[in-house]
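Contents: one structure, followed by commentary.
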Amino acid sequence: MTVNVPGRPMTADLVRHGGADAAHGEKPWSPGRERGPSPRQGDRVRPLSRRQIEDRFEDLGDLYEETSGGGTRAGNRSRADFLRRLAGDVRRPGFTLLIAENTTLTAFAYGFPVRGADPWWQGCDVRLPRTVRGLAVTGGLFAVSGIVVPPGVRTHYQDREWNLARRLQRRLLADHAPALGVALVPGTETETLTAYRAWGWRDVVAEARDPQPSAGACRVLLLGR
């Protein structure tokens, strides 16, 4: 799970109406609808092919490092670990990576379909409810494995539809409908959990007969389209 607690050409018409996501059924943004600056202006969201991901691998690592306070030796190790995990995820069937950009890369998110026997679930010591286990068996879950956004996206206007993290995760799920989004977050990463919940994710409650997870256990979060 990676969260920093940190397409087609876009036409001028799409820019005026809230960016490239307007072509995917989102309501157009207008200045009078929300208070405060809207990150919808200037940022377009689009997928990268696997070849494009390879070409921009270092750029993705740079943004990860910048938004996680990189620059120290520990930060460099974190960047290397991130790129190693990403290189493994890219090989998964159905992998999708979306970037947000204006004149430069500003954010990205990625994920892949996941089933019940996938090693991705390792570290989750909560017995999932029957409904969630059923979705995992039928392929109805899409793992949102990473959301890399600037600090302001995590701390400002998290509940607004134009929040960049919300736009990225919504587009990921829209491109893999009707799957639900699923994320695993260590319970110790309280800032990450707070950000996800503010972006609309909800905790999966274990079956009543199961013990409550410890504070450090991996939390399972779900998100619908």
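Values quoted throughout were computed directly from the atomic coordinates according to the rules given, and no laboratory measurement underlies them. The structure presented is a predicted model; accordingly, all values stated were derived computationally and were not measured. All Cβ positions, glycine included, derive from the backbone under ideal geometry; neighbour counts span all protein chains shown.
At 7 Å along Cα-to-Cβ for each site, give me the label-to-label distance between Ala177 and Ala87 in nm.
For the pair Ala177/Ala87, the computed spacing is 3.7 nm.
By its C-alpha gyration tensor, with a ≥ b ≥ c as the square roots of the eigenvalues, how is segment 99-176 shaped: rounded for a/c under 1.5, else prolate for a/b larger than b/c, else oblate?
prolate
Quick check on segment 44-196: take the gyration tensor over C-alpha atoms, sort the square-rooted eigenvalues as a ≥ b ≥ c, and tell me if it's rounded (a/c under 1.5), prolate or oblate.
rounded
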